[in-house]
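The structure appears right after this line, and notes come after that.
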Amino acid sequence: MRRMVIGLAAALALAPIVAVPAVAQTAATPQEATAAGEFVSQLADRAFAVLKENQSKTAIRAKFRGLLKENFAVDEAGLRLIRRWRNQITPAQLAAYQAVLPDYFVNVYADRLTNYADASVKIVRTQAHGANGNVDVFSRVLTPGKDPIDIIWLVQKGEGGKWLIGNVTVEGINISLTQEADFSAFIQKNGFDALVAMMKSANTRSA
């Protein structure tokens with residue numbers, strides 16, 4: 001159960017692994033904290049609504065791609081995941097990696113998400129995070145017949161004041177650090193080209 005919820009969080013919050021440049025230079029106000037909580041709630045509602053629709057897996061993945069593009073910095077997130085290896089790869093390798101990254105994450109977690117068609121996210125509380133306008137949104141994923149799962153969303157303001165997810169912590173597990181560690185271990189053992197090949201192969205199987 002917990003592993004699949006981590007998959008859910010990763011699918012929703014994948015790209016935010018990277019810190020989004022903050023616009024505000026002061027701590028978030030109570031009103032802004034409330035707005036950040038509403039942003040998370042609405043985003044989660046949109047994601048779960050997709051799961052309740054009677055559509056093909058391809059259609060579901062397409063909608064999740066749309067959510068990612070609209071709310072997260074996918075390209076920047078990809079760079080964050082391979083930051084230890086940036087000075088060791090060529091521009092061509094980087095381009096190949098960025099080409100397969102969005103579909104890879106969507107495809108990896110899309111099938112798991114179907115287990116959460118009946119789930120909902122309850123916002124427990126919000127609070128300012130630091131002095132840069134960031135907000136911690138504490139939430140609980142509720143699934144009938146299952147134990148609740150606690151998730152903390154780090155919400156930041158990007159350019160134009162748009163709310164964006166900066167990171168996600170599921171039951172104490174930092175999603176960004178976990179995914180980065182997994183990629184780094186794979187690259188160290190198999191090489192960067194092997195990582196891209198693995199991701200491309202996974203995308204083909206899930207097409």
Just wondering, is there one or more residues in region 51-63 that are assigned to a helix (DSSP H, G or I), within 20 Å of the chain's Cα centre (by Cα) and over 25 Å from TYR116 (Cβ atoms)?
no
Of residues in region 47-64 being buried (at least 16 other Cβ atoms within 10 Å of the Cβ) and either charged (D, E, K, R) or touching a Lys or Arg at 6+ places or on another chain (Cβ under 7 Å) (or both), the one farthest from ILE123 (Cα to Cα):
ARG61
Given the residues VAL74, VAL108, which is the only one that is more than 26 Å from LEU142 (Cβ to Cβ) and modelled with pLDDT under 75?
VAL74
Complete set of residues in region 169-207 that are among the polar types (S, T, N, Q), under 17 Å from TYR97 (Cα atoms) and either surrounded by fewer than 16 Cβ atoms within 10 Å (Cβ to Cβ) or in contact with a His (Cβ under 9 Å, 6 or more places away or on another chain) (or both)
GLN188, ASN190, SER201, THR204
Return a yes/no flag: does region 130-137 have any residue that is modelled with pLDDT of 85 or more, crowded, with 21+ Cβ neighbours inside 10 Å and either out of contact with any strand residue (DSSP E or B) (no Cβ under 9 Å at 6 or more places or on another chain) or part of a loop (DSSP other than H, G, I, E, B) (or both).
yes
Mind listing whichever residues of region 87-98 are surrounded by fewer than 14 Cβ atoms within 10 Å (Cβ to Cβ) and either outside any helix (DSSP H, G or I) or small (Gly, Ala, Ser) (or both)?
THR90, ALA92, ALA95
Does LEU43 count as assigned to a helix (DSSP H, G or I) and modelled with pLDDT of 90 or more?
yes
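The values are calculated or read from the model by the stated rules, or taken from the named source; none is laboratory data. In this text, all values refer to a predicted model and were calculated from it rather than measured experimentally. A quick note on method: Cβ atoms are made from the backbone with ideal geometry, for glycine too, and the neighbour counts reach across all protein chains shown.
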